[in-house]
Structure formats: C-alpha cells, structure tokens
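Student: The following block contains the structure, expressed as structure tokens.
The values are calculated or read from the model by the stated rules, or taken from the named source; none is laboratory data. In this text, all values refer to a predicted model and were calculated from it rather than measured experimentally. Counting neighbours? That spans all protein chains shown, and the Cβs are built from the backbone with ideal geometry, glycine included.
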Amino acid sequence: MRKVKIKVNELSVFFNFLQALNRVSIEIYGNKVTAIIGPSGCGKTSFLRTINRMNELIIGFRKKGEVLIDNINIYNNNIDVVNLRRLVGMVFQSSNLFPKSIYENLAFAPKIHGIKDQKIIDELIEETCTKAAIWEEIKDRLEVNALTLSAGQQQRLCIARALTIQPDILLMDEPASMLDPISTAKIEELIFDLKKKYTIIVVTHNMQQAARISDFTAFFYLGQLVEYDKTTKLFTNPSNKQTEDYLTGRFG
Amino acid sequence: MKMTDIDIKSLIKNRKKTDLQTMISMFLIKFFTYSIVAVLFLILGKIVYEGSAVINRQFLTSAPQNNMTEGGIGPAIFGTLVVVFLMILFAVPVGIFAAIYMSEYAKDNVFNRILRVTVNNLAGVPSIVFGLFGLGFFVLFIGRGYDSIFGAGLFLGKPAMLWASATLAILVLPTIIVSSIEALRAVPRNQRIASLGLGASKWQTIKNVVLPQARPGILTGVILSISRGAGETAPLLFLGCAFFLPQLPVGYLDLGLFSIPMINPAEQFMYLSYHIFILATQSTNPTITMPIQYGTTMVLISIVILLNLTAVIFRYKFRQTMNEIKRV
Amino acid sequence: MERVNDLNKSPYAKSKSKKTLLKERIIKYFFTINSLVVIIIFTLIFVFLLQEGLKALDVIAIKDFVYKTVFENGEEGKLYQWYPTSEQPRFSLIPLILGSLLISIPATLISTVFGISVGIYLSEIASIKTREFLKPIIEIFAGIPTVVLGFFMLVVVASIFQDIFNPVNRLNAFLASIGLSFIIIPIISSLTEDAFNAVPKEIRMASYALGASKFQTVFRVLIPTAMSGLSASIILGFGRAIGETMIVLMASGNAAELSFELFRSARTMTATIAAELGEVSQDSAHYFALFFIGLVLFVITFILNMVAELILNRMRNKINY
C-alpha cells in the first residue's frame, strides 16, 4: 500500500525571466527514497527547494502550480513557513555547519523552537546523532568547533542537525557529491536506514548512487519531468528515449 | 522525547503567535536606518534652503568685501580648485603605481603584508596629525631647508598652497590605493590568463588588458579622493589657509617680451571649508555673515555630493561591466 | 623539426628576448619603489612626530604632562590643567584625554546602535531595490565634510539642544558626540555590511532550513558568526572618533576642564592642536607639547587599527572553510 506524501501539480518555477521548472507533476510516496537525477541545470535543486519553500530566499523567484504535503497546499497564505521547514528538513550539497561547537550546532534547532529543558535537548541530540551514525565519533568532544571534523563527519553532522527538527520529510541536495567513497558509502547506508521513519528525496547526479539507494527515480531534463517510475524499472527498462540516452551516457 | 508535536495541522498559521521578536527587531532596525536617512535630508534641506537664497553668479565669483560681511567666495573656490588639482598631481601617480604593485606583482610575503598594514594605518591617522606633519616636515624642514641652502629668503619656508596640497596628497593616498586595488582585482583572472596565454608579458598584460578594464574603477577612487580633499579642513589650518586674501595667488612669469599669469604655489590661499570654519567661529560677527556661511556650505556640499554621486555611478557601471565579463 | 625552424623565422621568435625581460624587471622595480614610498611616508610621519614630540620631554617633565604641583597658602596641591600660555605654564594632558574620551565614547555607543542596524538592514533585510537606493545615500553621508557637520551642529542643533536639554554650556561634549556619530555611523555600517557579507550564504540557508525566523537567523547565527567583524568595526569607529577634529573643534566649546559632565564644554586632544598650533612660536615648549599630543594621538589610533586588523584576520581564518 503506497501512501502519497507529496503531490505536485503543474509546478512551474521562474527566477526573474529564467524558467527553472516547467509544469512538473509528480506524486512522492511516504517512507520511500525518491532519487532525482538529470544533467546539471535541469531544475533538480529548484524542485527540491520548492518543497520547503527555500526558493523564496532567492530574489526574483516566482512559481505557478501547487505543492501539497498530506493534501495541504504549502503555498497557501495561511501556511507558517517556519513550521513547514520543521516538517521538511534539508541537507545541503556542501556541509554548512555554523562555525560553532558541535553541541551548539545540534542544539540550535531545539533551542530556537523553544525547548528549554537541557535534558530533553541532550537526549534529542544523542538520538539524532545515533540515527545519523555519528554519535560514537563525537560524543566525547561535543565542545569542539564543528569545522574541525572531517568532511564526511561534517556532512553526517549536518544530517544529524537536520534530524533534530524531527521532520517528516528529508530533502537531500547531492549530500555525498563532495565526499570520498568511504564517507559516501556511510551516507548511503544511512539513507537506507532513515527511510523507515522519513520520506526522503535525494538529488544526485550520480546514477549508480540513485540506483543503489532509491525506491523511485525521477528524471528531469530542461526543467521538465521526463520520466518517473520505480527505480528498478526506470534503470532497466526506461520507457522514454531521452531517459535511455541519459542513462547510457549519450548526454549529460 | 518529541520536542513538540508537529503534525501537518500545525502548518496553519496561528495568527496570534506571529513572530513578535522578528517584528519588533525588524521595526527597530528599519526605524534606525530611516532616521539616519531623515537626518541626512534634514541637514541637506536646511543648507539648501538657507544657502540658495545667497547663491548667484556674483557670489560665486567675487571676493569678500566689507570686512567679510558682503561679497562672494570667488577666491575660496579658486583656492580649493588649485590646491585639489595639485594634490591630485602628487597623489594619483604614486597611488596608482603602488596599487599596481600590490595587486599585480606582490606575492604573499612580509614586505607585502607590511605594505598592506601600512596603507590601512595611514588611512587611520587622524587628519590633524597630517597637519602637524605638514607644518613640521614640509614647511619647516623642507621649505626652510631649501630657503637657507639656496638663500631664497622666505620663499618656501612658509605655509603655502604647495605644502597644503602635498599634505592633502598624503592624506588621500590610502583612498586612491585601496580603490585602485579593488578595481584591479575586479578584473577577472581569466582575462589575465588569456593575455598571458597569448604570449604577452606581464607588463603588456597589465598595460593592455588589466588597466583599460580597471580604469573606471580607478577613476572612482580618484574622484572620491578629490571629494575628500576638497572637504578636508583640519590639516590645512596651519598650512596657509587665509582668512582673507584681497588678490588671487597669481604671479606673473616674466619672459621678457610678455609675462604669463601663473598660479604661484608658494602663496597663501583661501579654501572653502576653511572659510566656513573661520566665518562661523572666528569672525567678529558670525550672525551678520550667516547667509554667507550657508552659501559657502552649500557650494562646498554641492561639489562634494556631485563628486560622490559621480563616483557611485561610475562604480555601479564598472561593477556591471565586470559582472558581464565574468558571466561570459 | 621544420616547424621549429619556421618558428625561429617567424615574427614571434624574438618576443622574449633579454631586452624584454630587462624591461619587465625595471617596470616591476618601478612599481615596487612607488609602494615603498607609502611605507617611507608613514615611517617619516612617525619618526618626525617622535622626534619633535620627544623634544617636549627635554623641556617638560613627564610628571608635568600629568599634573603640576603648586603651593598655595603653604599647602601642596596638584593641578590637572592645560594652560600652556600662562606665566607658569601647565601642561597636564589629563583634561584633554578626558575630553577626548568624554566625547568619543558616547559617540561610539550611539554609532554602534545605529551603524549596526543600518548594516543589518542593508545586508539582510532590504530588497535589492531599497539597497541600491539607500547605499549611495549612506555613502553621501559618509562624504559630508566634517566642517559642514560642525557648522550644522554649531548653528542649528546647538539651539535645539539648548531648548531640550538646557545644558550648562551651549556648546558641550554631548553636542560634539552627536555630531561625531554622523561620521562614525557610516563607517560602522559599511564594515558591518562587509562582515555580514563575509558569512557564507550556505550558513544562512542552514539556519532557515532548520526553521529559524529572520530574527533568529540574524541574532543567533549571523551576529555570532560575524562578531569579530562587528567588534573590529566598532574599534575602527572609535579610532576615527578620537582622531576627528573639526566637529569637536566647532561644537564642543573647547574649555579644557576636568569634567565628567556631558552637558559641559570639553576639549579634545585634536581640537587643542587645531586651536593652538597656528599661534605658537616654533621651538617653544608649547610647540613641542603639541607635537607630543600628536604623537599620543598617532600611537592611540595606530594601536586601535592594529587591534582591528588582528581581529579581522582572525575572523577570515575562522570563517574560511
């Protein structure tokens, strides 16, 4: 039984006069990993950022169409963006930890969302770090500046930090593109574990990665959704010529 | 363990709980910002309102009359132009050349670091200290020294235009250097690489590729330094600014058959900013000369703002061109 | 092989001759010398101030720069006064230093509040359109000659102040503070903007993506991250306040008194030089004393600049990923 978590209807996105997405419609299922692939500039990131309304921070953003999460249009006037972003966590391409201690990075979200009880914060941190498979590496040095960690650790810490808001949906924008193979493997393993609790959308330009970790794959090209299917189906037997060309490396 | 229950329903905004913190802080920040703007317009408004009543052609060209209570500020405008012109002559070459060294040649070594720190510190020296230096070094050391060595009587060993502009030149040097460096650095690296890749030497690259592109940016710095020099007062207090000069500091260069009128840089001069200061604080009756004070202020501020606006526009255009080059 | 021969015959063959290399080197030295001039000038200023200023110590005891001992009615007393022209000249710098602080500290405090607000507004809140309209305005503010601000304080604001605050003296330390803050606000605001712009965009993104509001992002993420830049801007603003002359000369009233009151007239080190150097005879004790003040000013601003520089360097290293 698949449950539709996110439903996108006829979504078009513009930055000033540049069209980034063209009438995209897609249904994303709960507790699954959906990979978004496509050549650079195809609108992958723009699509991802419409789901937690991060695009609005970019000047010149306009959109048409609607995005529904659990049947609520998140672009309605009465939607509280802050609460939306608590429901939809995000991990970025390069780790963007604050230049503060590990602890402060992890405690940032609970604190700004009004949790005062130190004990709850500490428990939350331990829980999320364990989920992000980094607890063992950092538990003894929470006061150390976060930027002293290795790149792979930083990225997993970013994931842990995104989990501290206890989201339903986790957006990942090429989370492993800057990492070495071992760290990448760890992150992929992590994504596999996390889908039990979260709905995950991963943007990636690494097709093998998409094939390894995702249940569903969407192929974007020139701002349009070309094909969307089960990963196994899309990779073995794509129904669209463009998808096939891309998968076989004829462009992109 | 859940921090608060967020489910999808909490997405609906609770209007009562709109972020009060954000609202108040944003209001205060806006309020502070716009009150600064308001103050600026109040100052300008008052000066323009009072000043425009006095300004006419005669005010701009004639000399002060009747113990400064009547007449115009012609000599002060003249003095300002001459001193600033000389200042530019002294400061611009050194400033631009030093900037070229710092941005194009210097490597990250001790010398260059000292150089950078020195430029920053020179920019931070109080202007009055430049005045002390100008008087002590230029006038008394160099000027008097010249006079006594060459037996020139009292020729250069007194406060004069020459020394005033030399002192101002030092004062604006950091302005020119910093903005020239900024302009040179704004020229994209790929432009230099393209030129070097075609076999051009470093100097050919600088001369034919970097400098032409950086020119509007460098000009911005020069314009800003003119404006800075024209508005400066403190170091000039003891460098030959005169309360009142009946004649322009012009001498005649005798060439036998005919003589050419020449500005004599060894003379004293009148200066707009000094004129405002002296009329407002030292004249016998500041109230009677009030209209003249406002008029002078308006002339000075018009010059300075016009220069600044030109610089702003120049820089804006410069940045746009640089961005276009980068995008290609 | 043939191609090489061709190349040797081609017009490019001679392009990197020894002559060109020599020329290149000479040009490089020419620019180096020009930048050396900057260092020489700065050193010259310092050496000259040092030489002239320290001559003061030959004629005036160091103690006399602090206080003068006087005997009145058989009792010993200390006078903290600056009366260089009286028959028994007194050269205490205490009232002048106090005057400088009394005027520049409030000015810096006021400017910090306004300057940082403007900086935050320009870099974080204002739309591009607003910013393009506001930035030139702030720059114009920064460009207003100090003599004009002094004049405005003297003829316009002084009277308004008299009605509102009923100060002891019409021209007073507070009036000068306000005048000073007009020139320091633009300095602090532009450096604040730089400090905020130096914070990588990704850090803002992280904060917003975690559901932080604008207030939380600015106050909990950006300000702590840019803290060193902000403190450097305040230090540089303070240095500028200490060194400014015309506004304090015109608006402070210039009475060298040992006073802690904002609404009394006060006299700064800069104003003292400005007011007295024109009338002092060369090589007198008074003349050297003024150079000594200049030296003190130079050293103070130098130290403040270096501290700001160090802080900024540390920040660059810290934010650098």
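Student: Need the failing condition index for residue C:38 against (1) over 22 Å from residue C:280 (Cα atoms); (2) among the aliphatic types (A, V, I, L, M); (3) touching a helix residue (DSSP H, G or I) at 6+ places or on another chain (Cβ under 6 Å); (4) modelled with pLDDT under 90, just the number.
Tutor: The number of the failed condition is (4).
Student: Specify the residue that is surrounded by the fewest Cβ atoms within 10 Å (Cβ to Cβ); the eligible residues are those in region A:165-187 that are modelled with pLDDT of 90 or more and under 19 Å from residue A:96 (Cα atoms).
Tutor: The extreme case among them is A:173.
Student: Among the helices (runs of 4 or more DSSP H) contained in region B:185-267, which hold 1 or more residues that are polar (S, T, N, Q) and in contact with a Leu (Cβ under 8 Å, 6 or more places away or on another chain)?
Tutor: By residue number, B:202-205, B:211-231.
Student: Restricting the search to region A:218-247, which residues are under 19 Å from residue A:32 (Cα atoms) and among the polar types (S, T, N, Q)?
Tutor: A:231, A:232
Student: I need a count of the residues in region A:225-252 that are part of a strand (DSSP E or B) and surrounded by fewer than 16 Cβ atoms within 10 Å (Cβ to Cβ).
Tutor: Of the residues in that region, 1 qualify.
Student: Output the residues belonging to region A:85-100 that are crowded, with 17+ Cβ neighbours inside 10 Å and more than 8 Å from chain C (Cβ to nearest Cβ).
Tutor: If the condition is that a residue be crowded, with 17+ Cβ neighbours inside 10 Å and more than 8 Å from chain C (Cβ to nearest Cβ), then A:87, A:88, A:91, A:95 are the ones that fit.
Student: Oh, and also: Here is a list: B:151, B:143, B:134. Which entry is in contact with a Ser or Thr (Cβ under 8 Å, 6 or more places away or on another chain) and over 30 Å from residue B:184 (Cα atoms)?
Tutor: After applying the criteria, what remains is B:134.
Student: For residues in region C:215-232 being within 14 Å of residue C:117 (Cα to Cα) and within 13 Å of chain B (Cβ to nearest Cβ), which is nearest to the chain's Cα centre (by Cα)?
Tutor: C:223
Student: Could you grab me the full set of residues in region B:271-314 that are among the aliphatic types (A, V, I, L, M) and within 19 Å of residue C:245 (Cβ to Cβ)?
Tutor: Those that are among the aliphatic types (A, V, I, L, M) and within 19 Å of residue C:245 (Cβ to Cβ): B:272, B:276, B:278, B:279, B:280, B:300, B:301, B:304.
Student: Would you please name the residue that is nearest to the chain's Cα centre (by Cα), looking only at residues in region B:40-53 that are more than 7 Å from chain C (Cβ to nearest Cβ) and of a type outside the set (Gly, Ala, Ser)?
Tutor: So the residue we want is B:44.
Student: Assess whether residue B:220 counts as being more than 30 Å from residue B:200 (Cβ to Cβ) and among the polar types (S, T, N, Q).
Tutor: no
Student: Something else about it: Hey, can you tell me all the residues within region B:195-243 that are more than 13 Å from chain C (Cβ to nearest Cβ) and surrounded by fewer than 16 Cβ atoms within 10 Å (Cβ to Cβ)?
Tutor: Those that are more than 13 Å from chain C (Cβ to nearest Cβ) and surrounded by fewer than 16 Cβ atoms within 10 Å (Cβ to Cβ): B:197, B:208, B:212, B:215.
Student: Is there any pair with a first residue in region C:40-56 that is closer than 15 Å to residue B:173 by Cα and outside the structural domain of residue C:297 (by TED's automatic domain parsing) and a second that is among the β-branched types (Val, Ile, Thr) and surrounded by 14 or more Cβ atoms within 10 Å (Cβ to Cβ) whose Cβ atoms are under 6 Å apart and which are 6 or more apart or on different chains, and what are they?
Tutor: C:41/B:170; C:42/B:118
Student: Continuing with this model, one more query. List the number of the failed condition for residue C:237; all other conditions in (1) crowded, with 24+ Cβ neighbours inside 10 Å; (2) at the interface with another protein chain (Cβ under 10 Å from one of its Cβ atoms) hold.
Tutor: For residue C:237, the failing item is (2).
Student: Out of curiosity, is residue C:243 facing chain B (nearest Cβ under 9 Å), surrounded by fewer than 23 Cβ atoms within 10 Å (Cβ to Cβ) and either modelled with pLDDT under 90 or farther than 30 Å from residue A:101 by Cβ (or both)?
Tutor: Considered against the rule, which asks whether it is facing chain B (nearest Cβ under 9 Å), surrounded by fewer than 23 Cβ atoms within 10 Å (Cβ to Cβ) and either modelled with pLDDT under 90 or farther than 30 Å from residue A:101 by Cβ (or both), residue C:243 comes out as no.
Student: For residue C:211, are the conditions met, namely being assigned by TED's automatic domain parsing to the domain that holds residue C:315 and assigned to a helix (DSSP H, G or I)?
Tutor: no
Student: Is there any pair linking a residue in region B:281-306 that is at the interface with chain C (Cβ under 10 Å from one of its Cβ atoms) and farther than 27 Å from residue B:226 by Cβ to one that is assigned to a helix (DSSP H, G or I) and of a type in the set (Gly, Ala, Ser), with Cβ under 9 Å and at least six apart or on different chains, and which?
Tutor: Note: pairs meeting the criteria are B:286/B:280; B:290/B:280.
Student: Could you tell me which residue of region B:134-167 is nearest to residue B:240 (Cα to Cα), considering only residues that are surrounded by 20 or more Cβ atoms within 10 Å (Cβ to Cβ) and β-branched (Val, Ile, Thr)?
Tutor: It comes out as B:139.
Student: Working carefully through the options B:112, B:121, find the one that is polar (S, T, N, Q) and either in a loop (DSSP other than H, G, I, E, B) or facing another protein chain (nearest Cβ under 7 Å) (or both).
Tutor: B:121
Student: Hey, does region C:97-111 have a residue that's of a type in the set (Val, Ile, Thr) and at pLDDT below 90?
Tutor: no
Student: So residue C:172 fits all but one of (1) surrounded by fewer than 19 Cβ atoms within 10 Å (Cβ to Cβ); (2) more than 13 Å from chain B (Cβ to nearest Cβ); (3) of a type outside the set (Gly, Ala, Ser); what number is the exception?
Tutor: Looking at each condition in turn, residue C:172 falls short on (1).
Student: Just name the residue that is farthest from residue C:183 (Cα to Cα) out of those in region C:158-169 that are without any contact (Cβ under 8 Å) to a residue 60 or more places away in the chain and surrounded by 15 or more Cβ atoms within 10 Å (Cβ to Cβ).
Tutor: Across region C:158-169, the extreme among qualifying residues is C:162.
Student: I need the full set of residues from region B:143-173 which are within 11 Å of chain C (Cβ to nearest Cβ) and in a helix (DSSP H, G or I), in order please.
Tutor: Listed by number, the residues that qualify are B:144, B:166, B:167, B:169, B:170, B:171, B:173.
Student: Looking only at region A:196-215, decide whether some residue is hydrophobic (A, V, I, L, M, F, W, C), within 25 Å of residue A:20 (Cα to Cα) and part of a loop (DSSP other than H, G, I, E, B).
Tutor: Scanning region A:196-215, I find no residue that is hydrophobic (A, V, I, L, M, F, W, C), within 25 Å of residue A:20 (Cα to Cα) and part of a loop (DSSP other than H, G, I, E, B), so the answer is no.
Student: Looking at (1) assigned to a loop (DSSP other than H, G, I, E, B); (2) away from chain C (no Cβ under 14 Å); (3) within 19 Å of the chain's Cα centre (by Cα), which is the one condition that is false for residue A:77?
Tutor: For residue A:77, the failing item is (3).
Student: Just the residues that are among the polar types (S, T, N, Q) and within 10 Å of chain B (Cβ to nearest Cβ), please, taken from region C:246-255.
Tutor: C:254
Conditions (1) more than 8 Å from every other protein chain (Cβ to nearest Cβ); (2) in a helix (DSSP H, G or I); (3) acidic (Asp, Glu), marked per residue:
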residue: C:101; (1), (2), (3): yes, yes, no
residue: C:108; (1), (2), (3): yes, yes, no
residue: C:111; (1), (2), (3): yes, yes, no
residue: C:115; (1), (2), (3): yes, yes, no
residue: C:121; (1), (2), (3): no, yes, no
residue: C:129; (1), (2), (3): yes, yes, no
residue: C:133; (1), (2), (3): yes, yes, no
residue: C:136; (1), (2), (3): no, yes, no
residue: C:139; (1), (2), (3): no, yes, yes
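Student: Among C:261, C:309, which is the only one that is facing another protein chain (nearest Cβ under 10 Å), surrounded by fewer than 19 Cβ atoms within 10 Å (Cβ to Cβ) and either farther than 30 Å from residue C:163 by Cβ or over 19 Å from the mean Cα position of the chain (by Cα) (or both)?
Tutor: When all the criteria are applied, what remains is C:309.
Student: What number of residues within region A:59-74 satisfy the criterion of being under 19 Å from residue C:209 (Cβ atoms) and crowded, with 17+ Cβ neighbours inside 10 Å?
Tutor: Selection size over region A:59-74: 5.
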